[in-house]
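Structure first, commentary second.
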Amino acid sequence: KCKELNISPERGEYPFNTKDLAKRSVYRYIKFLKEKNPSKAIKDLGESASTLFNSTGIGDVNTIIERPFERVEFDAHRLDIMLAIRYTTLAGDEVVENIDRIWLLAIIDCATTVTLGYHICLDKEYSALDIMQCYRKAIFPHQAPAFTIKGLEVPEYGYHSQVIPEAKFAIWDEIAMDNAKANRSKLVKENTKKILDSRLNYGPVGTPTRRPFIEQFFNLLEENGFHRTTTTTGSSPNDPRKNNPEENAVKYEVTPDEIEQLIEVLIAQINNRSKKSLGSLSPLEVMAQRIKRKMPFRVLDEE
C-alpha cells in the first residue's frame, strides 16, 4: 500500500527506512485499538475470557476482608489420583478394584487463608449431604484420622480449633461457592440460612477467579502432594508424571485411609507455612493474632 501511495524505498522514506518496516508501529496501533475497545477485543480470547470480562466491575475494588470468619470460600475438587480398594464379595472372594473418583471438599477463611476443614467423597459426584459433612468438620473441633503410614511427619497442631480455643464452633457470615447442582440444593440453602444464619454467594457462572483462595489451595495441594505420588493421573492426558496409575494403584494398594492421612498432613503444613502476603506469618498465626485483638466473629448456638 505504501508503494501504491508513491512512498519510495530508494529515497529511504518511512516506513522503508526502518529495520522491521514499521511492523512494531502497526502492533502498537492494534494494541491501542484493543485497549480502547476491550468489549470487542475480548471476544478473540474465548468464551471464558468474555464471561470473566462481563462479570468484572469497573470502579471501586472489592472490600478488603480482614476479620476471621467474615467470608469463607467452599469448593470441591476431583483429585488427580487413582486408588485401589480391597474388599470381600458376598461369595467370600477377595477383590481389588480401582477407583478414579476422589472428591475433596474444603472450606477456607478469606481473611487469613486458614483451611477450616475438609471432607472426602468417593462417589462419582458429591452431594448436598457431603457439603453438610464438610460444614460440620469445619465448625466442630478438629478430629485427626488414625495415622498408619510409617515415617509420615505429622504436625502437632494444624487446624484452628486445635490452637485457638475461642475459634471452636466458629461460624462464618458469608460463604462463596460456585453454581454446581449440589451447592444450589434446597438442603444447602436452608441449613446455611437456618442453622448458620449465613449469606450464600454463588457469584457469576464460569468465574472461578471470584474464589481465588480455594482455587490456589487445590493447586498447591496437587503440585506439592498428589502429583508427586506413584498413582497420580496427572493434570492432563499428556502429563509426563502420569506413569501407569492403574497398575501402581493395584501394586501398592493405596487406600482411601492413606489418602486422608496425606490430606490431613498437607493441609496442616499449609496452615502452618509462612506467607509473604501475610507479612511472613502463617495463616494460623494471623488468625490467632486477629482473634486476640478482639475482632468479632460468631459461634454456633449451643442447641
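Considering only DSSP beta bridges where both residues belong to the chain, give the percentage that are antiparallel (nearest 5).
80
Any idea of L45's accessible area? Nearest 10 Å², probe 1.4 Å.
Taking all protein chains as shown, L45 has close to 120 Å².
Can you list the HN-Hα couplings for the range 137-146, worked out from phi with the Karplus curve (6.51, -1.76, 1.60; θ = phi - 60°), rounded to whole Hz and with x for Gly and Pro?
Once θ is set to phi - 60°, the couplings for the range 137-146 become 5, 7, 9, 6, x, 5, 10, 7, x, 6 Hz.
Just to be sure I understand the model, the point goes 7 Å from the Cα along the line to the Cβ. What's the resulting I64 to L300 distance in nm?
Label-label distance for I64 and L300, simple model: 3.2 nm.
Using protein chains only and a probe of 1.4 angstrom, how many square angstrom of R290 are accessible, to the nearest 10?
50
For I107, I195, give me the order by solvent-accessible area with a 1.4 Å probe, most accessible first, ignoring ligands, DNA and RNA. Walk me through the numbers before you get to the answer.
Details: I107 0, I195 100 Å².
Descending order: I195, I107.
Roughly how many debye, to the nearest 20, is the charge dipole of the range 57-174 about its Cα centre, given +1 on each Lys and Arg Cβ, -1 on each Asp and Glu Cβ, and no other charges? Before the final figure, lay out the partial values.
Numbers: 10 positive and 19 negative charges, 63 e Å.
Taking the Cα centre of the range 57-174 as origin, the dipole is about 300 debye.
Take the chain, mark every one of the chymotrypsin sites (Phe, Trp or Tyr not before Pro) that falls in a DSSP loop and has at most 16 other Cβ within 10 Å, then report the longest stretch left between them, sites excluded. The partial results should precede the final answer.
Values: sites that count: F16, F147, Y157, F169, Y202.
After excluding every exposed loop site, the longest remaining stretch is 17-146.
In debye, nearest 20, what is the charge dipole magnitude of the chain about its Cα centre with +1 on Lys and Arg Cβ and -1 on Asp and Glu Cβ, if you could check?
1740
Under the rule of at least 5 residues apart or a separate chain, name every residue whose amide H is placed under 5 Å from the amide H of I99.
The answer is L83, A84, I85.
In the neighborhood of P145, defined by Cβ-to-Cβ distances under 13 Å, what is the net charge if each Lys or Arg adds +1 and each Asp or Glu adds -1? Don't skip to the end; give the middle numbers.
Numbers: positive: K137; negative: D257, E258, E260, E264.
Result for the neighbourhood of P145: -3.
Could you calculate the contour length gain from L278 to R101, that is, 0.36 nm times the residue separation minus the distance between their Cα atoms, to one decimal place in nm? Present the calculation step by step, with values, prior to reporting the outcome.
Details: separation 177, 0.36 × 177 = 63.72 nm, distance 3.43 nm.
Result: 60.3 nm gained on full extension.
In terms of solvent-accessible area of protein heavy atoms at a 1.4 angstrom probe, what is the ranking of I267, I30, I120, highest value first? Intermediate results must be reported in sequence, preceding the final value.
Values: I267 0, I30 80, I120 40 Å².
Result of the area sort, largest leading: I30, I120, I267.
Suppose the Debye formula is applied to equal point scatterers at every Cα of the chain; what is log10 I(q)/I(0) at q = 0.12, 0.16 Å⁻¹?
-0.90, -1.37
Of K1/K43; K34/K189; K3/K34; K150/K292; K189/K275; K43/K189, which sit over 31 Å apart, Cα to Cα? Working shown, then result.
Working: K1/K43 29 Å; K34/K189 42 Å; K3/K34 28 Å; K150/K292 37 Å; K189/K275 34 Å; K43/K189 35 Å.
Distance filter (> 31 Å) returns K34/K189; K150/K292; K189/K275; K43/K189.
Which whole-number value in Å³ per residue fits the convex hull of the alpha carbons of the range 96-141?
Residue-normalised Cα hull volume stands at 98 Å³.
Return the long-range amide H neighbours of D75 (sequence gap of 5 or more, or a different chain), with a cut-off of under 5 Å between placed amide H atoms.
Under 5 Å from the amide H of D75: A106.
What's the Kirkwood radius of the range 111-205 in Å, using all Cα pairs?
Evaluated over the range 111-205, this radius sits at 15.1 Å.
For the range 144-217, with only Lys/Arg (+1) and Asp/Glu (-1) charged at the beta-carbon, what is the dipole magnitude about the Cα centre, in debye rounded to 20?
Here the size comes out at about 480 debye.
How much area per residue is accessible in the chain when the probe is 1.4 Å and only protein heavy atoms are counted (Å²)? It would help to have the intermediate numbers written out before the result.
Values: 18710 Å² over 303 residues.
Per-residue value: 62 Å².
Ignoring everything but the protein chains, give the 1.4 Å probe accessible area of T89 in square angstrom, nearest 10.
50
Summarise the accessible area of the range 1-158 (1.4 Å probe, protein heavy atoms) by the percent that is carbon and sulfur.
The nonpolar share, carbon plus sulfur, comes to 52 percent.
Taking the dipole about the Cα centre of the chain, with the C-beta of Lys and Arg at +1 and of Asp and Glu at -1, give me whichever of I270, L105, S25 is farthest to the positive side.
Among I270, L105, S25, the one farthest towards the positive end of the dipole of the chain is S25.
Could you please put D109, D130 in sequence from largest to smallest accessible area, using a 1.4 Å probe?
Ranked from most to least accessible, the order is D130, D109.
Considering amide H positions built from the backbone, and no H for Pro or chain starts, which residues 5 or more places from R199, or on another chain, come under 5 Å of its amide H?
Residues meeting the criterion, in which the H sits 1.01 Å from N, are E174, I175.
The values are calculated or read from the model by the stated rules, or taken from the named source; none is laboratory data. Since the model is a prediction, treat every value here as computed from it, not as a measurement. Cβ coordinates were reconstructed from backbone atoms using ideal geometry, including for glycine residues, and neighbour counts include every protein chain displayed. Side chains are part of the model used for accessible areas, which takes the heavy atoms of the whole protein and leaves out ligands, DNA and RNA. Shrake-Rupley method; radii C 1.70, N 1.55, O 1.52, S 1.80 Å.
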